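The values are calculated or read from the model by the stated rules, or taken from the named source; none is laboratory data. All values reported here derive from a predicted model rather than from experimental measurement. Cβ: placed from backbone, ideal geometry, glycine included. Neighbour counts: every protein chain shown.
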Amino acid sequence: MNILAKTYLFRKMLGFSLVLVTGILLTQMLWQKMGFASSPQVTAALTGGLIAAGATALGALPVLLSQTIAPRTQDTLFGFGAGVMLAACAFSLVVPGINAAKLQGAGPWQASLMVGGGILLGGALLLLIDKIVPHEHFIKGLEGPEAKTIRRTWLFVFAIALHNLPEGLAIGVAYAGTDALHASALTMGIAIQDIPEGLIVAAALVAVGYSRFKSVALGILSGVVEPIAAVFGALVVGFSASLLPWSLGFAAGAMLFVISHEIIPESHRKGHELFATTGLLFGFVIMMMLDTALS
């Protein structure tokens, strides 16, 4: 990289950093004016969402330095992320949801039905959004109505936002409705899989023709939906404690939809099924150990 290119890159990054800092300061002012700062659960949910978004940004940054990853490694990381999310669904959402329902007086079958209903509702909503919102996947291509009439950049952004929405919801619901250790384990697990996810998103955008700076910027911005969704999830649970089992199941169902509909198919399309499955197993075990050890 020559001196002119480095100077241009530095100016771009400086401008982007100033915009980001301004946005954070404005968000903080709005946060205090709306009174959210007085709710420790909502504040914790925002912090967890920001940690996940920061992990996504951290993963995207190496693309600026011309770092790319081999397809086999990419699919292994996809599998790892799927494993982390599967374990998070089981140990940080479904099991606490069933326990929460029992504490509210539900029997074993009723508790299972409540959380199971939430899982189906979460999956159904993501399926509906997937059909209604036009978006584009890196491999599967265009999906949704009138996708061809929208700029390709926004189609990728919509697809990434759909992917990150359930993660943010899960973090918010966990902080508002479960103990801090379970919520922290969930946040840590999601952040772990967000680092390679940010790298993969930025690298994939470069591969389809975007500049490195724009690819990294979009990769970073793709994580913004997580703190927003986390705050929303915490507010919903805070509205009524009786919604907690349903909300935990809902977040789990939304995540399961993304895992089955997006991550696993993407990791198996290039013939690297063995590596993707190995990554999934390791991701599941690591997340399970984090969750049970922290609890």
Taking residue 127 and the conditions (1) closer than 25 Å to residue 270 by Cα; (2) buried (at least 16 other Cβ atoms within 10 Å of the Cβ); (3) at pLDDT 80 or above, which numbered condition does it fall short on, given that it satisfies the others? (2)
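Taking into account only those residues within segment 166-205 that are assigned to a helix (DSSP H, G or I) and of a type in the set (D, E, K, R), which is nearest to residue 238 (Cα to Cα)? Spell out how you get there, then give the answer.
Initial filter on segment 166-205 (assigned to a helix (DSSP H, G or I)): 166-177, 180-205.
Still in the running and of a type in the set (D, E, K, R): 167, 194, 197.
Values: 167: 18, 194: 26, 197: 30 Å.
Among those residues, the one meeting the criterion is 167.
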Return the residue satisfying two criteria in turn: it lies in segment 264-282 and is modelled with pLDDT of 90 or more and closer than 10 Å to residue 78 by Cβ, and of such residues it is surrounded by the most Cβ atoms within 10 Å (Cβ to Cβ). 276
Quick check: anything in segment 33-42 modelled with pLDDT of 85 or more, out of contact with any Ser or Thr (no Cβ under 6 Å at 6 or more places or on another chain) and under 18 Å from residue 238 (Cα atoms)? no
Looking only at segment 229-263, how many residues end up being among the aromatic types (Phe, Trp, Tyr), closer than 19 Å to residue 119 by Cβ and surrounded by fewer than 24 Cβ atoms within 10 Å (Cβ to Cβ)? 3
Kindly check whether there is at least one residue in segment 218-234 that is assigned by TED's automatic domain parsing to the domain that holds residue 40 and over 15 Å from the mean Cα position of the chain (by Cα). yes
Here the residues within segment 252-286 that are over 20 Å from residue 123 (Cβ atoms) and outside any loop (DSSP other than H, G, I, E, B) are 273, 274, 275, 276, 277, 278, 279, 281, 282, 283, 285, 286
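Out of curiosity, is residue 70 closer than 30 Å to residue 242 by Cα and either touching a Gly at 6+ places or on another chain (Cβ under 9 Å) or in the same structural domain as residue 217 (by TED's automatic domain parsing) (or both)?
Values: closer than 30 Å to residue 242 by Cα: no; either touching a Gly at 6+ places or on another chain (Cβ under 9 Å) or in the same structural domain as residue 217 (by TED's automatic domain parsing) (or both): yes.
Taking the combined requirement at face value, the residue does not satisfy it.
Those residues that are among the polar types (S, T, N, Q), surrounded by fewer than 24 Cβ atoms within 10 Å (Cβ to Cβ) and in a helix (DSSP H, G or I), I need them from segment 55-73; list them, please.
Here is the first cut: in segment 55-73, the ones among the polar types (S, T, N, Q) are 56, 66-68, 73.
Next, only the ones that are surrounded by fewer than 24 Cβ atoms within 10 Å (Cβ to Cβ) stay: 66-68, 73.
Hit for segment 55-73 is 73, nothing else.
Mind listing just one residue for me: the one in segment 283-295 that is at pLDDT 85 or above and touching a helix residue (DSSP H, G or I) at 6+ places or on another chain (Cβ under 6 Å) and, of those, farthest from residue 92 (Cα to Cα)? Let's see the steps before the verdict.
Step one: filter segment 283-295 for residues at pLDDT 85 or above, giving 283-289.
Remaining after also requiring touching a helix residue (DSSP H, G or I) at 6+ places or on another chain (Cβ under 6 Å): 283-284, 287-288.
On the way: 283: 15, 284: 12, 287: 10, 288: 9 Å.
Checking each candidate, the answer is 283.
From 260, 267, 184, grab the single residue that is over 17 Å from residue 57 (Cβ atoms), assigned by TED's automatic domain parsing to the domain that holds residue 62, of a type in the set (Ser, Thr, Tyr) and without any contact (Cβ under 8 Å) to a residue 12 or more places away in the chain.
Numbers: 267 fails: without any contact (Cβ under 8 Å) to a residue 12 or more places away in the chain; 184 fails: without any contact (Cβ under 8 Å) to a residue 12 or more places away in the chain.
One residue alone meets the criteria, 260.
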Considering segment 102-119, residues that are at pLDDT below 90 and either among the aliphatic types (A, V, I, L, M) or crowded, with 24+ Cβ neighbours inside 10 Å (or both), and then whichever is nearest to residue 282 (Cα to Cα), we arrive at 103
